[in-house]
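The values are calculated or read from the model by the stated rules, or taken from the named source; none is laboratory data. In this text, all values refer to a predicted model and were calculated from it rather than measured experimentally. Ideal geometry is used to build each Cβ from the backbone, glycine not excepted, and the neighbour counts take in all protein chains shown.
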Amino acid sequence: MDVSPVTTRERLDFGAPYGMLIDGEIVPAATTFEVLNPATNRPFADAPRGSAEDMNRAIAAAKGAFPAWAALSAAEREAYMVALYDALEENKEEFITLLSLEQGKPRHNQATFEVNLANPWIPKTAASRLETVVLEEDEERRVELRRSPLGVVGAIIPWNYPYLHVLWKSVPAMITGNTVVLKPSPYTPLCALRIGELAAQILPAGVLNIVTGGNELGPVLTESPDVDMITFTGSTATGSKIMAAAAGTVKRVTLEMGGNDPAILLPDVDWKAAVPKVFAAALGNSGQWCIAAKRVYVHNSFHEDFVAAFVEYAKTQSVGDGMNPTSDLGPINNRMQYEKIRELLEDTRANGYRVPLGGSVDDSREGNFVPITVVDNPPENSRIVQEEQFGPIVPIIAYEDVDDVVARANATVFGLGATVWGSDLDRALEIADRIDSGNVWVNEGQSHPLNAPFGGHKQSGLSVEHGNEGLASHTNNKTVVIRKK
Ligand code: NAD
């Protein structure tokens, strides 16, 4: 299929207003809201504050576009996705800057990583096919399992990976024949809006719609009778509201939510080699990721040495403005999350836990900066162990007995991910088997293999994304029984 190339332009002139993508047009909203740079907490751009009416127009556009889009062959839809990929690649440097400015993550490392992770994944995912499966066949009849798209998919995303999530949500939905209405987080609307500007030049009108604004737009999407599925990434509190709202019209839901992932360093681990890897697993993206190692359990035999080495390593890492190439970690994305972390730090101080590094925020510093903080051996029932911190604070907890640490690792309502570190692979795998979570990484930090389904157990999620199972979650099963004679 011939998909026309897009015209590109430098788009970091924040004086020019961004528009939402509704029914193939880039449109303003009646009012706008300010987007803040987390490194300064000062506004640097305006985004459209979409209304319920805008959201409903987007839903109607997606519904209208669905029959023709679903009728295309997968190869035809793939060609559109590849054209979108080409446009994103062509504008990659601009997106990396935009991502760093609105999210806070350093441009030279984590923002570059995010864009480079997301882009190549588009054509690979678009090349995947959900084939019809023949379940039974004899001379008289054939039984087939076919798949059909659902219709309109509402995608709701958070602020920690605002570039990647636009694509992780919309591409699998579109390639399987659905149309999409996407709502970014109000803290990070710009990457989505800019993707929308490029997509407007590529995709048929209504196939992808992007509406920005406050949290109040979420229920318009989740309650609409014209939306067939909600795919959500965000907090468990919001996810459970979405599940309730979706019940009214029996929508399909994919929920990717919070976690409190344990990292377990087994007695035989080469703990010195593990220090930088566990640091990255815990504090990458300043701890603002769902699958960050949020509790690090280390065996008593090397606990003290590990904490000392971890602190020494952490001191080599700087926290600063994401646009500064010397910053290893950036600020917290928004004031709401900053205040939550500050409260956790206060609780840690008030309880007199040992804090060998960091521990308090400097309010005189501009921006949402939280220093890397290590909390040494707080009790299991402390807030810093029990709650999802979503920031650069990590508790390192000593344990003696492996069975006991597995029980502690599982004693949570969450079940998103875990990492297990050890020299004896069979032993490490045996522990991995006993962890109740959707993902376990053995001897490596959290990666996202392309064909691996990603999802959480317990209150961390429902259904999966990625891989064939993730694609299938955007479709209905249809069993077709064919009598041949
Ligand atoms: P959040 O739940 O506050 O918001 C997420 C999105 O939901 C935003 O777009 C928000 O506007 C929207 N929203 C808010 N109220 C809504 C409602 N009533 N109905 C519909 N939509 C509504 O989460 P956040 O603060 O943006 O992100 C942080 C959380 O996300 C953390 O708990 C983290 O663990 C989780 N997270 C999970 C994953 C995962 O894949 N499991 C990935 C990243 C982040």
Q. Counting only residues that are more than 28 Å from ASN285 (Cα to Cα) and not hydroxyl-bearing (Ser, Thr, Tyr), how many does the range 126-179 have?
A. 28
**Q.** Criterion: basic (Lys, Arg), outside any helix (DSSP H, G or I) and crowded, with 18+ Cβ neighbours inside 10 Å - qualifying residue of LYS63, LYS105
**A.** LYS105
Q. Counting only residues that are buried (at least 24 other Cβ atoms within 10 Å of the Cβ) and more than 16 Å from the ligand (Cβ to nearest atom), which one in the range 174-205 is farthest from the chain's Cα centre (by Cα)?
A. LEU203
Q) For the subset of the range 395-426 comprising residues that are within 16 Å of ALA293 (Cβ to Cβ) and within 16 Å of the ligand (Cβ to nearest atom), which member is farthest from the chain's Cα centre (by Cα)? A) THR412
Q.
It is to be established whether one or more residues within the range 443-450 are under 30 Å from GLU144 (Cα atoms), surrounded by fewer than 22 Cβ atoms within 10 Å (Cβ to Cβ) and either in contact (Cβ under 8 Å) with a residue 12 or more places away in the chain or acidic (Asp, Glu) (or both).
A. yes
Q: State which residue is farthest from the ligand (Cβ to nearest atom) when the search covers only the range 224-258 and only residues that are in contact with a Gly (Cβ under 6 Å, 6 or more places away or on another chain) and charged (D, E, K, R).
A: ASP228
**Q.** Residue among PRO267, PRO219, PRO276 that is in a helix (DSSP H, G or I), surrounded by fewer than 23 Cβ atoms within 10 Å (Cβ to Cβ) and in the same structural domain as ALA293 (by TED's automatic domain parsing)
**A.** PRO276
Q | Number of the exception - ASN451 against (1) at pLDDT 95 or above; (2) assigned to a loop (DSSP other than H, G, I, E, B); (3) among the polar types (S, T, N, Q) | A | (1)
Q. Got at least one residue in the range 150-163 being of a type outside the set (Asp, Glu), within 14 Å of the ligand (Cβ to nearest atom) and surrounded by fewer than 24 Cβ atoms within 10 Å (Cβ to Cβ)?
A. yes
Q: Would you point out which residue out of ALA407, ALA411 is out of contact with any strand residue (DSSP E or B) (no Cβ under 9 Å at 6 or more places or on another chain) and under 28 Å from THR254 (Cβ atoms)?
A: ALA411
(Q) Checking the conditions here, which among PRO331, PRO392, PRO378 is under 19 Å from ARG42 (Cα atoms) and crowded, with 22+ Cβ neighbours inside 10 Å? (A) PRO331
Q. Which of (1) farther than 29 Å from SER437 by Cα; (2) crowded, with 22+ Cβ neighbours inside 10 Å; (3) within 9 Å of the ligand (Cβ to nearest atom); (4) of a type outside the set (D, E, K, R) is the odd one out, the single condition ILE210 does not satisfy?
A. (3)
Q) Is it true that TRP168 is outside any loop (DSSP other than H, G, I, E, B) and within 11 Å of the ligand (Cβ to nearest atom)? A) yes
